[in-house]
Amino acid sequence: VPRNYDPALHPFEVAREYTRALNATKLERVFAKPFLSSLDGHRDGVNCMAKHPKSLSTVLSGACDGEVKIWNLTKRQCIRTIQAHEGFVRGMCARFCGTSFFTVGDDKTVKQWKMESPEYGEEEEPIHTILGKTVYTGIDHHWKEPVFATCGHQVDIWDEQRTSPKCSLTWGFDSISSVKFNPIETYLLGSCASDRNIVLYDMRKSTPLKKVILSMRSNTLCWNPMEAFIFTAANEDYNLYTFDMRFLESPVMVHMDHVSAVLDVDYSPTGKEFVSASFDKSIRIFPVDKGHSREVYHTKRMQHVITVKWTSDSKYILCGSDEMNIRLWKANASEKLGVLAPREKAAMNYNQKLKEKFQFHPQIRRIAQHRHLPKSIYCQIKEQRIMREARRRKELNRRKHSKPGSVPLVPERKKHIVAVVK
């Protein structure tokens, strides 16, 4: 449409747009209903989850009683249950082709299972069982080759055809809680150990590459699916750290908002955002380049969230928690599900642009950022703010009354890094 952009002809354009942006922001908060459904059926806390690489509607979950369930998300029901292990299911992953999946448990075994249900009259049995010497705490499959890695006492790389690892990688003597293959540079792995290390390995060498030691333990890490060098680690000190593996001296970004240990993290397939699960009974969505979350999800019944996954179409988030439920959330809380008419789509795009244009106006920013939090989280945030302020004041006073230069200014990003070893 040809338009005359002469401002003299449209004297109230900005005022009208501002009002529209304000209304759009208010409506976004009105329609923010992120919770979709709860998948219940487990008889113990959900300990780990895995996505199907080829099917969007299939998700696998493992519980603390050794039970593995396969869910159909479109029907929102369990399609298969396997009693896989004695004790906890510690980790699970699907094969890159989607025909089978692997589980590890407290009974020191690695088991490979068929993705399809057994035929009528056939026994529910694993394809392969590998009996190990120690408990395995995590497993991940290579993105292109028939190779998988387990972690426990050390990181073992296995060929699917063999019952003994083709190489074992170790650096220091401690238990390793999680191991992850890089989705782009597929021969790279990262692992988190309980002696506060994040160690990077190259599968083509038989030695680890380098490690960074943080002030507290990292529970797990996740690689960015779009940027090969970037990964995010979920830490016990309530923060998440995004690192560039080439420069481990300081993290690219420190993401602070949780008020308890962060237990799991998973990237969106776009690589622009990630979701984190915490012991404080909430999950948060962080943009990769921002220090604070854009969204926080919680329900009255949800207890400590142990595992979280972002679905492969980037629209939904799944989280598994202590009280035996898997919950399905929208990634954009106010997004309308279902078919959109062309006029609806145009209106939504227009409103989105308006919100971006006026996002820093105080009224609009206040409405867009406001979230109702459970009382426990709200009180803890307040308490931590007071503690942080006290620490800052103490440091300022110490600097003021000391010899110039004797109390150095340590930036937030460097505070939590103890050392980098190569």
### Message
Within segment 366-422, take every residue that is touching a Lys or Arg at 6+ places or on another chain (Cβ under 6 Å) and closer than 30 Å to L200 by Cβ and give me the one that is least open to solvent (accessible area, probe 1.4 Å).
### Response
V421
### Query
Of the residues that make up segment 75-97, is at least one over 22 Å from K309 (Cβ atoms) and among the small types (G, A, S)?
yes
### Task
Answer yes if at least one residue in segment 193-213 is among the hydrophobic types (A, V, I, L, M, F, W, C) and within 30 Å of C379 (Cα to Cα), and no otherwise.
no
### Among (1) over 28 Å from K336 (Cα atoms); (2) open to solvent by 30 Å² or more (accessible area, probe 1.4 Å); (3) within 22 Å of the chain's Cα centre (by Cα) - the single one G45 does not satisfy
(2)
### Query
Taking segment 224-235, which residues are of a type in the set (F, W, Y) and open to solvent by 10 Å² or more (accessible area, probe 1.4 Å)?
F229
### Task
Identify, by number, the condition in (1) crowded, with 16+ Cβ neighbours inside 10 Å; (2) in contact with a Ser or Thr (Cβ under 6 Å, 6 or more places away or on another chain); (3) closer than 30 Å to I184 by Cα that A94 doesn't meet.
(2)
## Note on the structure
Selection over segment 118-146 where residues are among the β-branched types (V, I, T) and either open to solvent by less than 30 Å² (accessible area, probe 1.4 Å) or under 24 Å from K210 (Cα atoms) (or both) yields a count of 3
### Message
Just to be sure I understand the filter: pairs with C-beta atoms under 8 Å, separated by 6 or more residues or on different chains, first member in segment 191-210 and in contact (Cβ under 8 Å) with a residue 60 or more places away in the chain and assigned by the TED database to the domain that holds G138, second member part of a strand (DSSP E or B) and of a type in the set (F, W, Y). Which pairs pass?
### Response
L209/Y201
### Task
Looking at (1) in contact (Cβ under 8 Å) with a residue 60 or more places away in the chain; (2) open to solvent by 10 Å² or more (accessible area, probe 1.4 Å); (3) of a type in the set (A, V, I, L, M), find the lone condition where L263 falls short.
(1)
### Query
Counting residues that are closer than 16 Å to T74 by Cβ and either open to solvent by 40 Å² or more (accessible area, probe 1.4 Å) or in contact (Cβ under 8 Å) with a residue 60 or more places away in the chain (or both), which strands (runs of 3 or more DSSP E) fully inside segment 302-343 reach at least 2?
316-321, 325-330
### Message
Take the conditions of a type in the set (S, T, N, Q), assigned to a loop (DSSP other than H, G, I, E, B), on the phi < 0 side of the Ramachandran plot and surrounded by 14 or more Cβ atoms within 10 Å (Cβ to Cβ) and apply them to S61. Does it pass?
### Response
no
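Which of the residues belonging to segment 147-159 are part of a loop (DSSP other than H, G, I, E, B) and open to solvent by less than 50 Å² (accessible area, probe 1.4 Å)? Reasoning before the result, please.
The initial filter retains those residues of segment 147-159 that are part of a loop (DSSP other than H, G, I, E, B), namely 152-154.
Answer for segment 147-159, where residues must be part of a loop (DSSP other than H, G, I, E, B) and open to solvent by less than 50 Å² (accessible area, probe 1.4 Å): just G152.
Residue check: is R284 open to solvent by 20 Å² or more (accessible area, probe 1.4 Å) and within 18 Å of P34 (Cβ to Cβ)?
Spelling it out, it is not the case that R284 is open to solvent by 20 Å² or more (accessible area, probe 1.4 Å) and within 18 Å of P34 (Cβ to Cβ).
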### Query
Counting only residues that are in a helix (DSSP H, G or I), polar (S, T, N, Q) and open to solvent by 40 Å² or more (accessible area, probe 1.4 Å), how many does segment 9-42 have?
2
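Consider M92 carefully, then state whether it is at pLDDT 95 or above, of a type in the set (A, V, I, L, M), over 25 Å from H298 (Cα atoms) and not in a loop (DSSP other than H, G, I, E, B). Spell out how you get there, then give the answer.
On the way: at pLDDT 95 or above: yes; of a type in the set (A, V, I, L, M): yes; over 25 Å from H298 (Cα atoms): yes; not in a loop (DSSP other than H, G, I, E, B): yes.
When the stated conditions are applied, M92 passes them.
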#### Entry: Set K210, K180: member being part of a strand (DSSP E or B), in contact with a Lys or Arg (Cβ under 7 Å, 6 or more places away or on another chain) and of a type in the set (D, E, K, R)
K210
### Message
Regarding segment 107-127, can at least one residue be identified that is touching a residue at least 24 places away in the same chain (Cβ under 8 Å), part of a loop (DSSP other than H, G, I, E, B) and within 19 Å of C192 (Cα to Cα)?
### Response
no
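Matching residues to (1) β-branched (V, I, T); (2) over 18 Å from D107 (Cβ atoms); (3) in contact with a Leu (Cβ under 9 Å, 6 or more places away or on another chain):
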| residue | (1), (2), (3) |
| --- | --- |
| Y5 | no, yes, no |
| A8 | no, yes, no |
| F35 | no, yes, yes |
| K51 | no, yes, yes |
| K54 | no, yes, no |
| T58 | yes, yes, yes |
| G62 | no, no, no |
### The lone exception for D6 - which of (1) part of a loop (DSSP other than H, G, I, E, B); (2) touching a residue at least 24 places away in the same chain (Cβ under 8 Å); (3) acidic (D, E) it fails
(2)
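I'd like to check something: does segment 75-87 contain any residue that is touching a Cys at 6+ places or on another chain (Cβ under 9 Å), assigned to a strand (DSSP E or B) and either open to solvent by less than 10 Å² (accessible area, probe 1.4 Å) or at negative phi (or both)?
As a first pass, look at segment 75-87 and keep what is touching a Cys at 6+ places or on another chain (Cβ under 9 Å): 87.
Narrowing the set further to residues that are assigned to a strand (DSSP E or B) leaves none.
Within segment 75-87, not a single residue is touching a Cys at 6+ places or on another chain (Cβ under 9 Å), assigned to a strand (DSSP E or B) and either open to solvent by less than 10 Å² (accessible area, probe 1.4 Å) or at negative phi (or both).
The values are calculated or read from the model by the stated rules, or taken from the named source; none is laboratory data. Small disclaimer: the values here were computed from a predicted structure and weren't measured. Cβ coordinates were reconstructed from backbone atoms using ideal geometry, including for glycine residues, and neighbour counts include every protein chain displayed. What goes into the accessible areas is simple: the full protein's heavy atoms, side chains included, and nothing from ligands, DNA or RNA. Shrake-Rupley method; radii C 1.70, N 1.55, O 1.52, S 1.80 Å.
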